[in-house]
Amino acid sequence: MTDLARPLAGRHIFITGATSGFGERFAHVLGGLGAKVSVSGRRVERLRDLVAALSARGIEAFAVPLDVTDLAAIGPALDAAEAELGPLWGLVNNSGVGGGTSIEKETVENYDWIMNTNVKAVYFMAQAAGRRFIERKAGGRIVNIASIAGLRVLPKLSIYCISKAAVVQMTRTMAIEWARHGINVNAICPGYVETEINRDFFATEAGQRMVAKFPRGRIGKVEDLDGIIALMLDPKSDFMTGAVVNVDDGQLLR
Ligand SMILES: NC(=O)c1ccc[n+]([C@@H]2O[C@H](COP(=O)([O-])OP(=O)(O)OC[C@H]3O[C@@H](n4cnc5c(N)ncnc54)[C@H](OP(=O)(O)O)[C@@H]3O)[C@@H](O)[C@H]2O)c1
């Protein structure tokens, strides 16, 4: 019988971009539900602090420094995580970058930075996890963090929107191809939630004006994804794959 308070007990979940924002929060939420969490990102000091905070709560955690755009480093990073915490059961493909300008002013550098981080790295992280799941024949879970930007057009964020639309379609293609292997692939499309990715913008007058136009006149907090991340990784959600769920306080509707 599953321990209802700890549905993820003993399950190893690897989280990219865990040094801030959603990723850091996911580590606490999933760890609190019993998961063993490998937390990754480039800022090593932050990883150390996070592992200390998780350990203080009795959560088994391991820090894996990783730049996801260094594709050759992905396999060894998963190997190191598995050597420490056991076979992987879930991947949260969360790392991402954003920023842009009007299309006529965009640069190749910005395009490559966003697409390499938000699309290419997400694809090859999922491939590396998927290969392990397939080989072991025990299934697995992948949650991709897309955005409402993948479902609608946001001003001066063309490359970001393209990258997140790619994550949405990537989720669906992986869900179908890997269905027979027992691998569930789902995506969350968050609305605007205040984190390091957008904090500076929302401190401006233009940012405040934007928030005022949201259906509830408010921006989200990282806690607002606690429910959906737990649901997508819960073993009881086995019938859920290929889902693309917007969690946005209704922002997509405006
Ligand atoms: N906040 C929002 O409103 C919002 C809305 C929709 C979707 N999202 C998506 O949510 C995800 C998390 O973003 P956030 O809002 O939590 O922003 P954040 O606080 O800026 O977090 C982004 C994370 O991505 C990591 N990252 C960036 N480039 C990386 C790289 N090359 N290698 C490894 N890690 C990298 C960063 O870690 P290091 O710098 O330590 O490497 C950081 O931990 C992103 O995919 C973002 O697009 C955010």
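Here, each number is a calculation from the coordinates, and none is a lab measurement. The model shown is predicted, which means the values in this text are computed figures rather than measured ones. All Cβ positions, glycine included, derive from the backbone under ideal geometry; neighbour counts span all protein chains shown.
Averaging the sequence gap over all C-alpha pairs within less than 8 Å and six or more residues apart, then dividing by the number of residues, gives the stretch 83-164 a relative contact order of 46 percent. Net charge in the neighbourhood of residue 113 (other residues with Cβ under 13 Å of its Cβ; Lys, Arg +1, Asp, Glu -1) is -3. Here's the picture: charge each Lys and Arg Cβ at +1 and each Asp and Glu Cβ at -1 in the chain, and of 190, 240, 217 the one pushed furthest to the positive end of that dipole is 240. Considering only 84, 109, 223, the Gaussian network model of the chain with Cα springs below 10 Å gives its largest mean-square fluctuation to 109.
Restriction of the GluC sites (Glu not before Pro) in the stretch 169-204 to DSSP coil positions whose beta-carbon has at most 12 other beta-carbons within 10 angstrom yields 196.
With a 10 Å cut-off between alpha carbons and a GNM built on the chain, which of 127, 208, 169 moves the most? Comparing 127, 208, 169 in a Gaussian network model of the chain, the most mobile one is 208.
Highest mean packing comes first when the peptides 48-55, 211-218 are listed by Cβ atoms within 10 Å, giving 48-55, 211-218.
Counting only alpha carbon atoms, the long axis of helix 71-85 and the longest principal axis of the chain meet at about 50°. Build a GNM of the chain with springs between Cα atoms under 10 Å apart, and of 125, 232, 210 the one that fluctuates most is 210. Between the listed residues 176, 61, 72, the Cα displaced farthest toward the positive end of the dipole of the chain, a dipole computed from Cβ unit charges relative to the Cα centre, is found at 176.
Against the main long axis of the alpha-carbon atoms of the chain, helix 158-178 sits at an angle near 30°. Over the residues of the chain, the helix contribution to mean residue ellipticity at 222 nm works out to -13000 deg cm²/dmol, using -39500 (n - 2.57) for each DSSP H run of at least 4.
To the nearest ten degrees, helix 44-56 and the longest principal axis of the Cα atoms of the chain are 60 degrees apart.
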